[in-house]
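Taking it in order: structure first as structure tokens, then the write-up.
The values are calculated or read from the model by the stated rules, or taken from the named source; none is laboratory data. A quick note: this is a predicted structure, and the numbers were derived from the prediction, not measured. Note that we place each Cβ from the backbone using ideal geometry, even for glycine, and neighbour counts take in every protein chain shown. Side chains are part of the model used for accessible areas, which takes the heavy atoms of the whole protein and leaves out ligands, DNA and RNA. Shrake-Rupley method; radii C 1.70, N 1.55, O 1.52, S 1.80 Å.
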Amino acid sequence: MCTALVKVLLLISISVSFAELQRFARAPSSYKAPSARISPGGSNNYVINEGGEVRLTCEGAGHPRPSLRWSITGSRLVRNDLNVITSGSASNLTISNITRKQRGRVYCEADNGIRSPYKVSKKIVVAYLDRPVLKVRSGFKNNISILCEVKSIPRAYFVWRRNGARIYPEATVTRKSDVTSVSSSKLILERTPSNVGSYECRAYNKKGYNVYTAESFNYTLDIESTKLARVTPKQIVVNQGDDVDVICNVTAGTPTPKMVWRRDNNMKLSNRTKINDGVLTIAKVTTDDSGQYICCGYNRFESAKCISNTVIVRRLTAMTYWLTPDPTEETRTLAVQTDVTLTCFADAAPSSELRYFWFKRDNRGQREPIVTSLSNNLSIDSSNNVKVVGGFKFPAMSSQLEIRSLRENDYGIYECSAKLDGDMTSKNVSASFMVTREIEPPKISTIERDVIVLEGSTATLRCKADGYQSMIRFFRADNLTMPSGESNVVTKSGTLRITNVNRNDAGIYICSAVRYNGFSKLAKQQTDAFVNLIVQYPPTVEQQNVEIRKPLGSRASFTCSTAEGRVSTFTWFKGLNGSSSDELGSSSSWQSKYEIYQINGSDYGRYTCVVKDPLGTSNCSINFINKPYPPEFLYNDYLTNDAEISSKGKDLFYRFTLMWTQKQPQSTDQIRKYRIQWRRYGASKWEKNIEKSTPGGVGYGEKVSYVFDKLHEGKYEVKVQAITDYARGDPSTRFFTITEQTSPTVPAVVNQEFYCTFEMDDKCGWLPQVNGSLKWQFNDDSYRIRTPGTGPDKDKTLAIKEAGYAFIDSSYKKPGDKARLISPLFSYDPLKSTCLTFFYHMMGRHIGRLRVLTKLGQTGVEEELWRKEGNQGKGWKRAFFEITPLATYQIVFEATITRKRGYQGDIAIDDIVLESSQGCTNHLPVTTTVSKIVTAQGRGKGPSIHHHGLFSCLNALTYFFYSFVLFRFFLY
């Protein structure tokens, strides 16, 4: 009775407000916060074969129309890998020839200045399967084991063969974590003559993306592990430009081991390297060739045996040097009786060959070696370790000349020189010190205050120092990094060259004296100079690639403008390569428009606007077409009746109703019909081409449906494409599953519209809305170990741990973190109510809050329908209540962390059902015996139906009251 009363009141409110609704329809549209979605929808993962092409579309909504921006995280993709074309309210993203290292997550952000930007994401999963590798190991009890490993995503399965016949391994298949993406299978054999033969391991990818066969391993009773011997010294020291050989010999191994050479830390071998089995030769070595060289022998029996040799290429870098204490800190003098330390340091290899020599110049400028034994106030200390004196830290392998109690005759010029004993070809490095009564830090000045260059050319920034032997350091203002990626660049000449200058390199560059030179690395008083780098570049046009759709006879306007507001010459062309014969007109301003007042068929095509000024040229390209947008599927499609039995084979057939709406039907000519194709999932050919006529066209938001009949159990792929009198539209593709349930007694689900169990990688169109580090995840056959004391240990549908459900992992999250799971768009019937059933699992000391809301599709207004908070005990619990929306809507599951250190706060949901009803009552479901249950989404047990029903009538009347108030509120 309560439900009937609510429906009567609802009809009265609709009739009373009909005139207001008409006026509202004619009123200007109000502001609306942005929203976005990424298609193809369905799963949160976009799975693509390695080497394939990723194609994603982000569609934004809101008023004013939001701008769309793509970004990436957790991937080796760079911005240049993303091909983005934005047209109207949609932005298409393409990634060509994707690799496994480029897997990650892409985000689309919609922003129109109303509220916060709206962000959606899609995880790109790159599927691949490498060639398997066989490894043979000794086992216990005179056994051997053959291990077959393969890198793949998804995980691989294995088939073993001996001498061509299939065998079955006793050992279980083991799988490593997704971090390494390695699957393996082990075969254990006794060392007996009967097991001698050729063994082959074949790996299959779970999804059937690819198949590879490993090399066969010939097992014999006389197999022996590899043994190696080092021939060349463990450490080889050579001069730059010399040739060097590294040799290792194989002393044992059956079958004959294969030799492999590599460098440490996965560094690449130089292109000057030649390998002849156990001999590695490097021609004309450089300092980059220094490091460990590892040779490994491998014959598949036992682990590879490796030995390493270290190659050291002699090097001696420029010297750095300083005085201690700092003479510029206070008095700027080195007074008599002061203790002074002169320090020099040269980075050298090998450090054992480094030698320092100290000199002092006489009045004629000649160098005289310093002999400390002839002076009681001079001492030289060259330490192999870091040295700390008076709070100052001197690097290892540096040399210090200490002058104690400075005397008048100690003033002068000192020189430190360094050399390598074993290198007779290279020159020494040296540094000079001035020990005087007055020492000033150098003054820095610029040669050119403003440097103006064109983008892509080379910029030269120059500074000079008025002082004694000062190197100059360049860095950028506002803590920006240098174009090289470093924080600063030190130069001897004071000249900084930036090649291939980018507009982002423009700005203020600061040059200052390097504190390691001449006076002191600890000097506080420094002088700086500034260089302003100005980069000129061609005009930048907004919306370089745009797609516009308009129907015949309407009006079209194309706009091209410069992002900087720079006055330029705009020339419009019809076609891609703007030739003079295709020129449509030109103008000079910061923006240009080209208008077509009444579109005819010849107006469609590609338009190019060439923007030119004295600094260069840019293009704005517009693809003007008349083909319809892709249809948008509604996910509350349903089975029209129970199973039918054919008269011939007495097979069970099923009927399934597919529903969709047309995206922006007014943007093209009237849609006359739809082309529908379907096939079994994985089939190479489409089963049928069906045409559904729409004589009156299709209006905005109008629902279109098609009934498939004579379907068997299984997964199906369907493609729908709108057709006008002049063009075929973009197709939309989706999947639906009809599954069989063999349980003898399951709850009867009548008038079922939507059923999701998260099985078989099917997320049923649910999309997690990422908010910080907390998000909804999906348990599947890559099941991970759950946190003890929380979360379900198995799913609700199949009661096994590997099966599907949605959950949040509360580990290491903070209070206030929130995750939302948003459903596909559902249609509505104002005269029909809908019952929502789902199961939830909320066990743990730190359980937070779970809410269920509806979100209206047109306004985005949300209303809370249900909530639970805190520990609800062990096991899955049912929730069941009525939904009466007033427009197309979505369902939102929102989980919130409310406790600190809430690692025992996982929340899970499963078995979501939408069922049309004449009112939800608090009764247990009718249980019936059936042979098959058919679902449109997911698979598994049909859910048991019930709802809490407390204050149901009062809640319904309250819902009616607030719905009526909101309805009238949005009219005004």
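Name the strands (runs of 3 or more DSSP E) wholly within region 35-128 that hold at least 1 residues that are under 14 Å from the mean Cα position of the chain (by Cα)?
45-49, 54-63, 67-73, 90-95, 104-111
Conditions tested, residue by residue: (1) in contact with a strand residue (DSSP E or B) (Cβ under 7 Å, 6 or more places away or on another chain); (2) touching a residue at least 24 places away in the same chain (Cβ under 8 Å).
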site	(1), (2)
K832	yes, yes
H846	no, yes
G860	yes, yes
E864	yes, no
R867	yes, no
G870	no, yes
G873	no, yes
K877	yes, yes
Y889	yes, yes
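Would you say I912 is assigned to a loop (DSSP other than H, G, I, E, B), of a type in the set (V, I, T) and at pLDDT below 90?
Against the criterion (assigned to a loop (DSSP other than H, G, I, E, B), of a type in the set (V, I, T) and at pLDDT below 90), I912 does not qualify.
Suppose the filter is modelled with pLDDT under 80, open to solvent by less than 20 Å² (accessible area, probe 1.4 Å) and either under 30 Å from the mean Cα position of the chain (by Cα) or at positive phi (or both); does P824 pass it?
In short, yes.
Do we find that T481 is surrounded by fewer than 17 Cβ atoms within 10 Å (Cβ to Cβ), at pLDDT 80 or above and of a type outside the set (D, E, K, R) in this structure? Show your work before the answer.
Details: surrounded by fewer than 17 Cβ atoms within 10 Å (Cβ to Cβ): yes; at pLDDT 80 or above: yes; of a type outside the set (D, E, K, R): yes.
Yes.
Among the residues of region 484-513, which ones are in a loop (DSSP other than H, G, I, E, B), over 35 Å from the mean Cα position of the chain (by Cα) and either surrounded by 14 or more Cβ atoms within 10 Å (Cβ to Cβ) or β-branched (V, I, T) (or both)?
G494, the sole residue that qualifies.
Looking at Y812, Y805, which one is farther than 17 Å from A879 by Cα and either at pLDDT below 85 or within 32 Å of the chain's Cα centre (by Cα) (or both)?
Y812
Can we say P792 is of a type outside the set (S, T, N, Q) and at pLDDT below 80?
On the way: of a type outside the set (S, T, N, Q): yes; at pLDDT below 80: no.
For P792, the condition - of a type outside the set (S, T, N, Q) and at pLDDT below 80 - is not met.
Looking at (1) open to solvent by less than 40 Å² (accessible area, probe 1.4 Å); (2) touching a residue at least 60 places away in the same chain (Cβ under 8 Å); (3) within 22 Å of C756 (Cβ to Cβ), find the lone condition where L711 falls short.
Here L711 meets the rest and fails (2).
Hey, does region 243-251 have a residue that's open to solvent by less than 70 Å² (accessible area, probe 1.4 Å) and not hydrophobic (A, V, I, L, M, F, W, C)?
Within region 243-251, none of the residues are open to solvent by less than 70 Å² (accessible area, probe 1.4 Å) and not hydrophobic (A, V, I, L, M, F, W, C).
Is at least one residue of region 257-280 more than 39 Å from the chain's Cα centre (by Cα), modelled with pLDDT of 90 or more and surrounded by 13 or more Cβ atoms within 10 Å (Cβ to Cβ)? Step through it out loud before you land on a result.
First, the residues of region 257-280 that are more than 39 Å from the chain's Cα centre (by Cα): 257, 276-280.
Then drop every residue that is not modelled with pLDDT of 90 or more, which leaves 279-280.
If we keep only those that are surrounded by 13 or more Cβ atoms within 10 Å (Cβ to Cβ) as well, we get 279-280.
Yes, region 257-280 contains a residue that is more than 39 Å from the chain's Cα centre (by Cα), modelled with pLDDT of 90 or more and surrounded by 13 or more Cβ atoms within 10 Å (Cβ to Cβ).
Restricting to region 288-312, count the residues that are of a type outside the set (V, I, T), in a strand (DSSP E or B) and within 30 Å of Q240 (Cα to Cα).
Residues flagged as of a type outside the set (V, I, T), in a strand (DSSP E or B) and within 30 Å of Q240 (Cα to Cα) within region 288-312 amount to 9.
Enumerate the pairs (first residue in region 798-813 and closer than 18 Å to I912 by Cα and in a loop (DSSP other than H, G, I, E, B); second residue anywhere and open to solvent by 50 Å² or more (accessible area, probe 1.4 Å) and modelled with pLDDT of 75 or more) with beta-carbon separation below 8 Å, excluding pairs fewer than 6 apart on the same chain, so at least 6 apart or on different chains.
From region 798-813, the pairs are I800/K794; A803/K794.
Any idea how many residues of region 105-124 are open to solvent by less than 50 Å² (accessible area, probe 1.4 Å) and closer than 20 Å to L821 by Cα?
Adding up the residues that qualify gives 11.
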